[in-house]
Amino acid sequence: MQPQDFAAKWRELAPKLSERAAYQEHWHDLCALLGEPRPSSDLTGEAYAFEKHVKKAGSALVTAHTHLDHAVAAAYGWEWPLTEDEVLARLLALNLERAAVVK
């Protein structure tokens, strides 16, 4: 694919298609234009794939949030784990107690 072909094709298609409908073909055309492999060149999908699944469990962000949840609960003197509803109920109770003191 030549740059002028790429530009002409996407100048016409881009306004007509949603991003979701066009992104894979657009990426394939970019690969062709640049002489790079397509995602389909990696049949396992391990290194190069569209919409690769991200595992959340055990990720650094999940681990950090878990540690933070434990630390916040300990700061309030609460046992852990608590459900979201239990946390909200306890925070509401604390806010009501503090509001009563301020009055």
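The values are calculated or read from the model by the stated rules, or taken from the named source; none is laboratory data. What you see is a predicted model; the values in this text were computed from it and never measured. So basically every Cβ, Gly included, is an ideal-geometry build from the backbone, and we count neighbours across all protein chains shown. Note: accessible area is taken over every heavy atom of the protein model, side chains too, but ligands, DNA and RNA are not part of it. Shrake-Rupley method; radii C 1.70, N 1.55, O 1.52, S 1.80 Å.
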List the helices (runs of 4 or more DSSP H) that sit entirely inside segment 1-96 and contain at least 2 residues that are aromatic (Phe, Trp, Tyr).
-> 3-13, 19-34
Mind counting the residues in segment 1-51 that are surrounded by 13 or more Cβ atoms within 10 Å (Cβ to Cβ) and touching a Phe, Trp or Tyr at 6+ places or on another chain (Cβ under 7 Å)?
-> 5
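Residues in segment 28-55 that are under 18 Å from Pro3 (Cα atoms) and touching a helix residue (DSSP H, G or I) at 6+ places or on another chain (Cβ under 7 Å): how many? Talk me through it step by step, then tell me what you get.
Filtering segment 28-55 down to residues under 18 Å from Pro3 (Cα atoms) leaves 28-38.
Now restrict to residues that are touching a helix residue (DSSP H, G or I) at 6+ places or on another chain (Cβ under 7 Å): 29, 33, 37-38.
Looking only at that region, the number is 4.
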Spot the failing condition for Val54; the list is (1) open to solvent by less than 60 Å² (accessible area, probe 1.4 Å); (2) under 30 Å from Val87 (Cβ atoms); (3) at pLDDT below 80; (4) hydrophobic (A, V, I, L, M, F, W, C), and only one is missed.
-> (1)
